[in-house]
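Undergrad: Can you read through this structure? Questions will come right after.
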Amino acid sequence: MGNRAVSQGLIELGERIRKRRQEVHLSQEAFAEKVGISVNTVSRVEGGQTAMSIEIFKKMVEILEADADDLLGKCPKEKNKYDTLVRRIQQLKENEQKIVLQTMEVLIDGINKFHK
């Protein structure tokens with residue numbers, strides 16, 4: 001049972017790494033090159049088939065511009081949800097970011113007026 005729990009943990013970690021890699025629009029090849037590992041290793045990590053060293057994990061966190069706790073699944077769901085939204089907004093062009101922020105401000109102001 002202990003090995004199964006570890007395996008499930010590796011699978012979940014790999015899924016979070018894959019999701020984040022895709023969010024930042026990196027192919028497995030580009031990601032592997034930046035981290036300094038083979039594409040096969042990236043595939044095995046993302047598939048939960050292999051563990052990695054702390055050094056490799058730290059490089060992945062840096063390249064993915066992620067929070068280590070997020071990748072490890074240690075964050076509360078609410079924080080993770082907001083961080084994901086912020087990262088998505090950061091991926092937009094500057095003029096698109098302005099539109100999103102202005103829209104949010106209008107919504108928040110409207111909610112605040114409703115509650116007064």
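The values are calculated or read from the model by the stated rules, or taken from the named source; none is laboratory data. Computed from a prediction, not measured in an experiment: that's the story for all the values here. We work out accessible area using only protein heavy atoms, side chains counted, and drop any ligands, DNA or RNA first. Shrake-Rupley method; radii C 1.70, N 1.55, O 1.52, S 1.80 Å.
Undergrad: Would you mind telling me which residue in 15, 105, 33 has the biggest mean-square fluctuation in a Gaussian network model of the chain, where springs connect alpha carbons within a distance under 10 angstrom?
TA: Looking only at 15, 105, 33, the largest GNM fluctuation is found for 105.
Undergrad: Still on this structure, please answer the following. Using just the helices of the chain, give the 222 nm mean residue ellipticity in deg cm²/dmol: DSSP H runs with n ≥ 4 each add -39,500 (n - 2.57), and the total is spread over all residues, rounded to 500.
TA: Rounded to the nearest 500, it is -24000 deg cm²/dmol.
Undergrad: Leaving out ligands and nucleic acids, and using a 1.4 Å probe, what accessible area per residue does the chain come to in Å²?
TA: On a per-residue basis, 73 Å².
Undergrad: If you don't mind, another one. Between (i) 12.0; (ii) 9.4; (iii) 7.8, which matches mean projected area of the Cα convex hull in nm² calculated for the structure shown?
TA: Working out mean projected area of the Cα convex hull in nm² from the coordinates points to (ii).
Undergrad: To continue, here is another question. Read phi for every residue in segment 13-28 and hand back ³J(HN,Hα) as whole Hz from Karplus 6.51 cos²θ - 1.76 cosθ + 1.60, θ = phi - 60°, with x for Gly and Pro.
TA: 4, x, 5, 5, 5, 4, 4, 5, 4, 5, 4, 9, 6, 10, 6, 4
Undergrad: Still on this model: Please report the carbon-and-sulfur percent of the accessible area for the chain; probe 1.4 Å, protein heavy atoms only, DNA, RNA and ligands left out.
TA: 54 percent
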